[in-house]
Structure formats: C-alpha cells, structure tokens
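Let me begin by presenting the structure, written as structure tokens, before commenting on it.
The values are calculated or read from the model by the stated rules, or taken from the named source; none is laboratory data. This is a predicted model, so every value here is computed, not measured. We place every Cβ from the backbone using ideal geometry, glycine too, and count neighbours over all the protein chains shown.
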Amino acid sequence: MPDPLIPARLAYAADGTPWSEGFDDIYHSAEGGPAQARHVFLAGNGLPERWRDRARFVILETGFGFGLNFLATWQAWREDPARCAQLHFVSIEKHPFALPDLRSLHARHPEFALLAAELHARWPLLVPGVQRIELESGRVLLTLLFGDIAEVRNSLRLCADALYLDGFSPAKNPQMWSLDTIKVLAKLAAPGASAATWSAAGALREVLAESGFEVEKRAGYGAKREMIVARYAPRRRVTREVRPPPSDRRALVIGAGMAGAAVCERLCARGWQVTLVERNARPAEEGSGNPVGVFHAVVTPDDSVLARLTRAGSQYAEAHWSALGERLRRANCGVLQLARDAREESAQKSAIEALRYPPEYAQYVERAQASAHAGVEVASGGLWFPRAGWVAPASLVSAQLAVCGARLTTHFGREVASLLREGALWRARDNRGDEIAHAPVVVLANAGDASRLVPSLEGRLRRVRGQISYLTRQSLRAAPRTVVLRGGIVLPPVDDRVVIGATYDYDDDDPQPHASSHAANLARLERILPGAVSGIDADSLDGRVGFRCVTRDRLPVCGALESAGDGLYGALAYGSRGLVWASLLGELIASLIENEPLPLDARLANALSPTRFAR
C-alpha cells in the first residue's frame with residue numbers, strides 16, 4: 001500500500017521563522033529567506049550569468065518548501081534581459097503546503113506579491129506524483145514532484161544545469177543528503193553542472209566528491225559561516241548522451257482526433273511549425289466524434305499504473321483546459337463511480353482511507369449521499385469525484401487547433417498511404433504517390449491505422465467497437481445531474497439528450513448502431529439507476545458507433561516508435577480515456593521531442609513506451 005501525501009502544517013519558530021514540526025527545523029535562515037536564496041542558490045550556481053543567451057536552462061531542487069528559492073529564481077529570470085528562452089525548474093517536496101498556508105507564507109514577502117499570486121492561481125491539488133505548472137506563456141515551467149525523495153528520485157528524467165541542494169539539516173533529514181540520493185542526482189547532471197547548498201557538513205562534501213563533483217567551500221549567508229558549491233566533473237568519462245533541442249522545428253502529425261490535436265497544440269506552443277494530416281473532411285470524426293465524453297480519475301488500493309497515469313492526466317488536463325476559455329464546452333458536474341458489488345465497495349473504501357486524498361479530488365460516499373449528488377436514486381454508494389465531469393470532444397479538438405494559429409497547416413480529406421524516411425526527412429504520400437507533406441519529426445496519432453504505416457505495431461493495437469445510445473430527457477423519469485458510472489455510463493442531459501453506454505465489442509467492425517447494443521446499454525442503465533428503463537424500447541433508440549484503439553495492457557502507446565534520433569513518435573491507443581490522457585500525453589510527446597524534463601513520472605513514461613512490447 002503506498003503512503004499518502006501529508007501536507008505540511010503551518011508553524012513558526014519563536015523568532016517568527018517558518019518551522020517544520022515534522023523535521024523540527026526551520027525552512028530558511030532566520031536572517032531572511034529571499035536573501036538566502038539569492039546568496040546561496042542563485043549566486044552559488046553562477047546565476048543569472050550561466051543561463052544567459054541559452055535556449056533552455058534546467059534547475060533541479062531537492063526541497064521546494066514554500067517556494068522562496070523558486071520565486072527568487074523566477075524574479076531574477078524576469079529581470080534579466082539576456083535570460084534563457086525557457087527556464088525549467090524541477091523540485092521535489094515530501095510535504096507541500098496547502099494553498100491557504102502558501103498564501104499566508106508568501107504574504108510575508110511582498111517583493112514576490114505578483115509572482116506569488118500567479119503561482120497561487122495555478123497551485124495544484126495536493127495528490128502524489130508530478131505536477132507541471134506553466135508560467136510566462138510556457139517560458140517558465142515549474143515541475144513539482146510530490147513525495148519522499150527516496151521514492152521519487154527515480155521518477156526523474158532530465159539533464160540539470162544547476163542543482164539547488166536544499167532541505168532540512170542532514171541531522172534532521174538524512175535521506176535527503178544520503179550517498180544514494182546524491183548519486184542519483186549526479187546521474188541527472190549535465191557535464192559541468194553546478195550545485196550549491198547552505199550546508200557545509202564534511203560528510204556532505206565527501207558524498208559529493210564520491211559522486212563526481214569537485215567541491216569547494218565559500219562564505220555562507222547570515223549566521224552560516226560557510227556553504228558548499230560544486231561542479232559536476234567525474235574522473236571517469238561519462239557516456240551519457242546529452243541531446244540538444246532539435247534545430248529544425250518542423251513536425252508532421254497524422255490524425256486529427258484528441259491525441260493529434262493535443263500534440264499539435266503543445267508543439268506549436270513551443271514555436272514549432274506543424275502540418276496536420278487527417279483522412280476525414282473535419283477533425284474529431286472517428287474515435288473522438290462522440291457528442292460528449294467523461295473525464296474522471298481512477299482510484300485503486302495499490303495506486304496502480306492506471307491510477308497514477310489517470311491522476312496525472314486529470315490534474316494536467318484540468319489546469320491546461322482553463323487556458324482554452326469559452327472555446328471548450330464542458331461541465332464540472334462531478335462523477336460518481338458506483339461500486340458494482342461488495343468486493344469493489346470494500347476496495348473503494350480501503351483506497352480512500354489509505355491514500356487520504358483531498359476531498360476535492362476523491363471521496364467515498366454511501367448510497368444516500370451518492371443519490372443526493374446525482375439528484376436521483378442510484379444503485380449503490382461509491383467514489384465521488386467533485387471536480388470531474390463531461391467535455392464535448394469536438395470542442396476540445398477545435399479549441400486546441402485554434403490556439404495553434406499560423407503555426408499550424410492542415411490537410412483534411414487526405415489519407416497517408418505511405419510514410420518513408422528519406423535522408424533527414426519523413427515524407428508522407430497519398431495513394432497516388434503524391435507527397436502530402438514532409439518533416440524531420442512525425443507523430444502518429446491515427447489510432448489503429450498506425451500499424452498500416454509502421455509494421456512494428458502490427459498486432460500491438462486492437463480495434464474495439466463502442467456504441468452509445470441517446471435518450472431524451474423526457475424518456476427518463478428523472479435524469480441525473482452528475483455523470484454516474486457502474487459498468488456503464490449515464491450522463492446528465494446535454495442539449496436535452498441523455499447519453500448512455502457504452503458497449504465494448506471485440507471482432508465487430510459494423511459502423512452502424514445495433515438494436516442489440518442499445519438493449520445492452522439499457523441494461524447498463526438499469527444497473528446504475530434502478531427502474532430507469534421502464535417503458536423505453538431499444539428498437540426506437542438512436543446512437544453512435546465509434547472504434548477505440550487499445551493495447552493488451554490497456555495503457556496508451558506514447559513515445560519514440562524507433563530510436564529517438566529517427567524522429568518517429570506515436571500517440572496511440574488511448575482507449576476510452578482520451579479526454580483524461582490526451583493533453584498530458586501531448587505534453588509528454590513534445591517534451592520527448594524537445595529533450596526537456598518530463599511532465600510525468602519517468603517510470604510511467606517507461607510503462608507507456610512503445611519499446612515495452614519488445615521488453
């Protein structure tokens with residue numbers, strides 16, 4: 001059973017310095033946190049000078065605390081006219097502060113008022129895992145890893161230019177400064193990377209030297225007479241590949257559903273020129289073509305890969321969608337996931353009790369409370385996701401393509417018949433042999449059709465028929481006001497239409513709705529809302545058929561399809577969770593292409609990698 005994430009408790013030492021009860025130590029020097037950040041971490045790492053005129057600069061911090069080092073660094077970046085084009089700040093924190101406490105702490109530092117307000121507006125729910133916060137229109141990216149450093153240090157995949165070694169004292173928090181931790185950090189350091197810390201402990205100097213750093217002492221800040229600075233220069237040659245960002249920033253994306261639109265938007269946001277090719281006359285016509293879809297998290301007692309990926313995806317999507325504004329049609333009406341039997345009910349209760357999520361994220365509710373949320377009588381109690389709901393997929397796709405602006409070129413109504421690499425370029429041609437487009441980077445986001453273009457995917461992707469059924473609001477005695485799931489889905493009325501479903505039909509390629517599938521969907525509805533199907537004739541219903549693309553392990557395929565240097569990537573097999581996963585995995589693809597720090601746990605990225613089939 002994984003450990004729950006325990007927020008920090010706001011407390012102060014006798015002199016007013018923020019203090020941790022858990023570690024019995026102060027968060028920063030009593031002489032002043034911002035000044036300490038500038039003296040120790042900025043000056044100790046040669047900043048801002050070292051990031052000047054760089055395309056990208058990556059900082060890795062071992063303890064976020066309440067973010068003073070980050071705010072001081074962000075402020076210095078803002079004030080530097082020769083600043084790097086993009087600043088990545090990656091930080092680990094075992095006990096993050098809840099937003100009200102963060103506001104109280106930052107109010108003590110009015111020099112950061114504007115920056116702190118922007119951070120507060122984007123501060124995530126306190127759930128375990130990786131959280132990416134975009135600031136300055138994506139030019140400053142704060143990536144937070146919430147969890148114990150001993151657990152999350154292997155979740156990182158990045159190449160750090162500077163290390164902020166911050167945390168409570170080695171005597172109070174030895175794991176933060178252990179040889180195992182420093183060796184992991186060394187593997188993440190770029191050649192010549194700098195490191196700085198307020199500590200001058202002899203044991204830490206020895207650990208740094210053993211891990212490949214050249215260490216020196218400098219004058220410390222305030223009452224600290226000395227501090228440590230270091231440079232990564234291992235005696236033995238390091239064969240680690242450090243790939244710069246691509247110089248030819250052109251990409252070809254095949255498929256204009258949720259997966260492809262998210263990739264286009266994330267690449268265009270980074271300044272890429274993207275060509276989108278879609279065989280249909282409009283975007284979001286196939287698997288992304290349902291009128292509404294559901295987004296919600298998954299909770300399991302063992303916090304499975306699926307649960308962690310869905311948590312990361314739902315958190316990222318919720319934050320990212322807010323920038324799309326009125327273009328996106330959605331409702332955060334809440335989602336009920338009812339227990340199907342006593343065993344599932346027990347698992348749901350155990351998971352919520354053990355993982356102790358914030359109630360805004362997930363909670364267990366008994367049947368009476370579930371019925372109160374839904375506004376109708378439901379079959380059982382279950383999990384309640386207050387911030388989840390429904391989205392119109394076509395509106396999401398349209399909104400993401402719209403914000404790409406002039407950086408996006410589209411070819412609708414053209415099918416890619418062949419995709420071949422010629423020299424440094426991939427060329428997509430139609431069935432007449434005419435070239436549609438070419439680029440050094442290609443992302444396949446065309447679901448199961450990808451195996452036709454890339455033979456190595458043959459047999460890895462499976463097509464599954466899914467049929468939804470439409471009911472009128474009037475055909476139900478009472479329609480729910482939330483999304484309700486129990487082996488099927490019923491949505492609240494959208495434009496006076498209630499969507500129920502969906503079937504999961506293997507070995508059925510019929511694109512037309514079946515009366516038998518409508519009957520199966522009505523059976524699902526009855527298990528969710530007892531008595532709801534009375535008087536409804538399956539033969540009279542209308543609906544829609546779509547085809548999901550899935551893998552054997554039900555996880556998506558996201559990453560380099562061949563070696564990263566070949567420039568061929570896949571964003572495929574999102575199954576029935578495209579709304580939850582597409583935005584995050586679009587960011588993952590863009591980060592992989594750009595060689596940036598990843599926006600999710602590296603172990604999750606490995607679980608999604610196309611190479612997992614070979615493994």
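Just the residues that are of a type in the set (Ser, Thr, Tyr) and modelled with pLDDT of 95 or more, please, taken from segment 254-293.
Of all residues in segment 254-293, those of a type in the set (Ser, Thr, Tyr) come to 275, 288.
If the condition is that a residue be of a type in the set (Ser, Thr, Tyr) and modelled with pLDDT of 95 or more, then Thr275 is the only one that fits.
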Please go through segment 356-369 and give me each residue that is under 13 Å from Leu125 (Cβ atoms) and crowded, with 19+ Cβ neighbours inside 10 Å, ordered by number. Tyr357, Tyr361, Ala362
Residue identified as farther than 25 Å from Leu142 by Cβ and either hydrophobic (A, V, I, L, M, F, W, C) or modelled with pLDDT of 95 or more (or both) among Leu306, Leu324, Leu328, Leu355: Leu306
Unmet criterion (only one of (1) in a loop (DSSP other than H, G, I, E, B); (2) closer than 26 Å to Ile254 by Cα; (3) not hydrophobic (A, V, I, L, M, F, W, C)) for Pro513: (2)
Can you report the number of residues in segment 424-435 which are over 13 Å from Gly255 (Cβ atoms) and crowded, with 19+ Cβ neighbours inside 10 Å? 1
Segment 101-125, subset buried (at least 18 other Cβ atoms within 10 Å of the Cβ) and in contact with a Leu (Cβ under 6 Å, 6 or more places away or on another chain), residue nearest to Leu185 (Cα to Cα): Trp123
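Inside segment 192-202, can you point out the residues that are on the phi < 0 side of the Ramachandran plot and loosely packed, with under 14 Cβ neighbours inside 10 Å? Can you show your working first?
Taking segment 192-202 first, the residues on the phi < 0 side of the Ramachandran plot are 193-202.
Correct list: Gly202 only.
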Here the residues within segment 29-42 that are without any contact (Cβ under 8 Å) to a residue 60 or more places away in the chain and of a type in the set (Gly, Ala, Ser) are Ala37
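When you go through Pro100, Pro81, Pro124 one by one, which is the residue that is in a loop (DSSP other than H, G, I, E, B) and free of Cβ contacts under 8 Å to residues at least 40 places away in the same chain?
Pro81
Listed here are the residues, each with its yes/no results for (1) surrounded by fewer than 20 Cβ atoms within 10 Å (Cβ to Cβ); (2) in a loop (DSSP other than H, G, I, E, B); (3) among the β-branched types (Val, Ile, Thr).
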{"residue": "Val533", "(1), (2), (3)": "no, yes, yes"}
{"residue": "Ile536", "(1), (2), (3)": "yes, yes, yes"}
{"residue": "Cys549", "(1), (2), (3)": "no, no, no"}
{"residue": "Ala571", "(1), (2), (3)": "no, no, no"}
{"residue": "Trp581", "(1), (2), (3)": "no, no, no"}
{"residue": "Leu584", "(1), (2), (3)": "no, no, no"}
{"residue": "Glu587", "(1), (2), (3)": "no, no, no"}
{"residue": "Ala590", "(1), (2), (3)": "no, no, no"}
{"residue": "Ala607", "(1), (2), (3)": "yes, no, no"}
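Just name the residue that is surrounded by the most Cβ atoms within 10 Å (Cβ to Cβ) out of those in segment 304-355 that are of a type in the set (Lys, Arg) and more than 20 Å from Ala392 (Cα to Cα). Don't jump to the end; show me each part of the working.
First pass over segment 304-355, keeping only residues of a type in the set (Lys, Arg): 308, 311, 327, 329-330, 340, 343, 349.
Filter again for more than 20 Å from Ala392 (Cα to Cα), leaving 308, 311, 340, 343, 349.
On the way: Arg308: 22, Arg311: 24, Arg340: 15, Arg343: 9, Lys349: 17.
Going through the qualifying residues, I end up with Arg311.
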What are the pairs with Cβ atoms under 7 angstrom where one residue, in segment 3-24, is exposed (fewer than 14 other Cβ atoms within 10 Å of the Cβ) and the other, located anywhere, is of a type in the set (Asp, Glu) and modelled with pLDDT under 90? Sequence gap at least six, or different chains. Arg9/Glu21; Ala11/Glu21
Filter segment 162-181 down to the residues that are buried (at least 23 other Cβ atoms within 10 Å of the Cβ), in contact with a strand residue (DSSP E or B) (Cβ under 8 Å, 6 or more places away or on another chain) and not aromatic (Phe, Trp, Tyr) and list them by number. Ala162, Leu163, Leu165, Asp166
Across (1) buried (at least 22 other Cβ atoms within 10 Å of the Cβ); (2) over 26 Å from Ala590 (Cα atoms), Arg132 clears everything bar (2)
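Filter segment 466-478 down to residues that are out of contact with any Ser or Thr (no Cβ under 7 Å at 6 or more places or on another chain) and surrounded by 19 or more Cβ atoms within 10 Å (Cβ to Cβ) and give me whichever is modelled with the lowest pLDDT.
Taking segment 466-478 first, the residues out of contact with any Ser or Thr (no Cβ under 7 Å at 6 or more places or on another chain) are 468-478.
Going one step further and asking which of them are surrounded by 19 or more Cβ atoms within 10 Å (Cβ to Cβ), we end up with 468-469, 471, 476.
On the way: Ile468: 97, Ser469: 97, Leu471: 96, Leu476: 90.
Checking each candidate, the answer is Leu476.
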Qualifying position, being assigned to a strand (DSSP E or B), farther than 25 Å from Trp390 by Cβ and charged (D, E, K, R), among Arg421, Arg465: Arg421
Can you give me the number of residues within segment 250-289 that are buried (at least 24 other Cβ atoms within 10 Å of the Cβ), charged (D, E, K, R) and in a strand (DSSP E or B)? 1
Just one of the numbered conditions (1) in contact with a helix residue (DSSP H, G or I) (Cβ under 6 Å, 6 or more places away or on another chain); (2) surrounded by fewer than 23 Cβ atoms within 10 Å (Cβ to Cβ); (3) polar (S, T, N, Q); (4) under 30 Å from Glu345 (Cβ atoms) is not true of Ser451; which one? (4)
